[in-house]
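> Below are the structure tokens for one structure; questions will follow.
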């Protein structure tokens with residue numbers, strides 16, 4: 001029986017076809033000379049799933065994120081991505097142009113510092129509209145309307161659409177960066193410490209907003225954070241890293257409530273109680 | 001009667017690496033089953049491992065060995081060895097859980113907290129909110145609180161939000177960790193009637209109740225957890 005026959009038989013029996021991973025990372029390794037950035041990391045990410053990568057500074061979590069999202073070339077290992085047509089593509093074997101197009105349209109990247117993800121000297125509306133133009137939108141009115149709609153989704157008043165983000169507060173800039181990333185309806189979003197450097201109250205608002213958007217849009221997210229509370233609030237699954245290696249992985253509440261590895265126990269026991 | 005969950009020879013030990021790797025045996029040889037349309041109660045003194053058993057069934061705690069077979073979408077799945085994705089799916093559709101304490105999320109209203117289990121199953125927001133409002137009214141939660149985030153609610157109010165969240169779905173298996181601990185007599189009665197309704201609908205319930213009256217009112221079966229004390233496993 002061929003694969004498609006099997007799927008047809010399943011469909012006939014009323015069983016939906018098994019959902020395949022959106023992203024498969026295998027044996028991903030990055031070394032800097034003799035030092036290890038990250039070593040032998042493997043995991044699958046399914047559509048709509050939020051994965052947190054936690055660990056303290058220097059644990060390799062940002063290196064890993066950058067290797068997956070092609071901001072850094074891995075020394076070895078593979079990243080497979082399931083394209084919209086259902087085919088799985090080896091990310092690092094794609095043509096450069098194809099990879100760039102994917103990153104502009106199907107992927108988003110939310111930086112810790114909004115300055116790295118925004119253009120500070122063009123208007124908020126243009127920051128959002130630019131990504132739309134990158135996917136072929138040309139109608140100015142439509143672009144502007146979509147931009148305004150997205151600003152309101154991230155709780156930025158319509159009358160700020162023509163202001164430059166350098167006049168925005170830290171929390172607003174971060175929300176604008178999120179709007180800029182999500183406007184093209186990506187399927188996979190990378191986030192590097194998205195709430196780092198924000199006041200606690202601003203952080204809570206942003207987390208709540210992210211939770212809502214992630215579930216409304218069914219986004220798959222890989223979020224790097226050192227904050228276990230952020231991981232608990234946002235993620236379904238969690239990977240704990242230390243010295244470039246994965247030392248524990250599993251369901252987020254299982255890892256946090258029943259940590260196994262000595263290092264995870266240390267991390268969890270170091271959370272300050274309020 | 002239809003058996004919905006079977007735990008067999010489940011064992012749990014905590015290893016405290018922060019304290020020199022000391023081993024803390026919790027339970028061993030945990031074996032029981034849950035049947036449709038009935039409520040079993042975990043009995044035994046505090047610290048004997050009742051909550052740990054509930055948490056293992058829900059996949060919140062790992063297990064050292066043993067199986068927890070759950071009837072999920074017509075198949076038997078072992079929660080103890082299932083992948084995180086499968087555990088999440090089991091939680092969405094098969095096993096519900098009312099925890100002792102509410103984990104409040106900033107800015108999320110009581111209504112949304114209670115409606116969430118329906119929303120993640122794709123129920124329309126209006127329907128889910130309507131159902132949450134009905135449960136809140138039944139549990140005598142003051143209407144002025146419904147649209148507020150529960151972080152500042154009293155213990156009893158938070159618990160009622162938690163109960164509404166747990167009872168809002170039609171999960172075939174429902175785990176209850178002291179759902180009546182901080183409720184007054186009138187609201188305890190409401191919970192008793194909610195449990196009776198679940199039983200009538202054919203759900204299998206497993207609970208921890210310190211309140212003797214509630215236990216007498218709901219229990220069809222008492223599982224003595226001290227029999228699973230880890231020290232006795234060799235016997």
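> Please report the spacing between the Cα centers of the range A:198-274 and the range B:41-114 in Å, no decimals.
The distance from the Cα centre of the range A:198-274 to that of the range B:41-114 comes to 19 Å.
> Let me ask another. Kindly put A:245, B:19, A:30 in sequence by how many other C-beta atoms sit within 10 Å of each C-beta, fewest to most.
The fewest-first ordering by Cβ neighbours comes to B:19, A:245, A:30.
> Moving on. Neighbouring Cβ atoms within 10 Å as the yardstick, rank A:152, B:46 fewest first.
B:46, A:152
> Note down the nm distance, to one decimal, between modelled labels 7 Å out along Cα→Cβ at residue B:184 and at residue B:221.
Placing both labels 7 Å beyond Cα along the Cβ direction yields 3.6 nm.
> For peptide B:106-115, how many partner chain Cβ atoms fall within 10 Å of a residue's Cβ, on average?
Mean inter-chain Cβ contacts per residue within 10 Å come to 2.
> Also, quick follow-up: Mind giving me the nanometre distance, one decimal, between the label points for residue A:200 and residue A:268, set 7 Å out from Cα along Cα→Cβ?
2.3 nm
> Of B:120, B:163, B:95, which has the largest mean-square fluctuation in a 10 Å C-alpha GNM of chain B?
Of B:120, B:163, B:95, the Gaussian network model singles out B:120 as fluctuating most.
> Describe numerically, in nm with one decimal, the distance between label points set 7 Å from Cα along Cα→Cβ at residue A:243 and at residue A:159.
5.8 nm
> How many Cβ atoms of partner chains, on average, are near each residue of A:250-257 if near means within 10 Å of its Cβ?
Per residue, the average neighbour count from other chains is 5.
> Can you give the angle from 0 to 90° between the axis of helix B:125-138 and the longest principal axis of chain B, with both taken from C-alpha atoms, to the nearest 10?
With rounding to tens, the tilt is 80 degrees.
> Relative to the first principal axis of the alpha-carbon coordinates of chain B, what is the inclination of helix B:155-167, with its axis defined by its Cα atoms, in degrees from 0 to 90 and to the nearest 10?
So the helix axis and the longest Cα principal axis differ by about 80 degrees.
> Let me ask another. Does the protein assembly as shown come out rounded, prolate or oblate, given a ≥ b ≥ c as the square roots of the eigenvalues of its C-alpha gyration tensor, rounded meaning a/c under 1.5 and, failing that, prolate meaning a/b above b/c?
Taking the square roots of the gyration eigenvalues as a ≥ b ≥ c, the protein assembly as shown is prolate.
> Efficiency by 1/(1 + (r/R0)^6): what FRET value for residue A:142 and residue A:84, r their Cβ-Cβ distance, R0 = 25 Å, to the nearest 0.05?
It comes out at approximately 0.70.
> Rounded, prolate or oblate, given the Cα gyration tensor of chain B, with a/c below 1.5 counting as rounded?
Because a/c hits 1.5 or more and a/b exceeds b/c, chain B counts as prolate.
> If you line up the long axis of helix B:110-119 against the longest principal axis of chain B, both from Cα atoms, how many degrees apart are they, to the nearest 10?
The two axes meet at around 60 degrees.
> Another question, if that's okay. What share of the DSSP beta bridges in chain B is antiparallel, in percent to the nearest 5?
Counting DSSP beta bridges with both partners in chain B, the antiparallel share is about 55 percent.
> How much length would be gained if the chain were fully extended between residue A:120 and residue A:40, taking 0.36 nm per residue of separation minus their Cα-Cα distance, in nm to one decimal?
That works out to 25.0 nm of additional length.
> Place a point 7 Å from the Cα of residue A:135 along the Cα-to-Cβ direction; which residues of the range A:54-80 have their backbone N under 13 Å from it?
None, by backbone N distance to the label point.
> Across the residues of A:201-207, average count of Cβ atoms on other protein chains within 10 Å?
2
> Let me ask something else. Once you keep just the Cα pairs under 8 angstrom separated by 6 or more residues, what percentage relative contact order results for the range A:217-259?
Taking the mean separation of contacting Cα pairs over the length of the range A:217-259, I get 27 percent.
> Next question. Once you've got the GNM for chain A with C-alpha springs shorter than 10 Å, pick whichever of A:80, A:139, A:226 has the biggest mean-square fluctuation.
Result: A:139 has the largest fluctuation of those listed.
> Go ahead and set up a Gaussian network model of chain B, Cα springs under 10 Å, then flag whichever of B:191, B:70, B:123 fluctuates most.
B:123
> Only Cα pairs under 8 Å and at least 6 apart count here; give the relative contact order of chain B as a rounded whole percent.
Relative contact order here is 29 percent.
> Once you have a ≥ b ≥ c as the square roots of the Cα gyration tensor eigenvalues for chain A, tell me rounded if a/c is under 1.5, and otherwise prolate or oblate according to whether a/b is larger than b/c.
Note, shape of chain A comes out oblate.
> Determine the relative contact order of chain A: mean sequence separation of Cα pairs under 8 Å and six or more apart, normalised by residue count, in whole percent.
In percent, rounded to a whole number, it is 24.
> At 222 nm, what value in deg cm²/dmol follows for the protein assembly as shown if DSSP H runs of at least 4 each add -39500 (n - 2.57) and the sum is divided by all its residues, to the nearest 500?
Roughly -11000 deg cm²/dmol at 222 nm, from the helical runs in the protein assembly as shown.
Values in this text are rule-based calculations from the coordinates and carry no lab data. If you're wondering where the values come from, they're calculated on a predicted model, not measured in any experiment. Every residue, glycine as well, gets a Cβ built from its backbone with ideal geometry; the counts of neighbours run over all protein chains shown.
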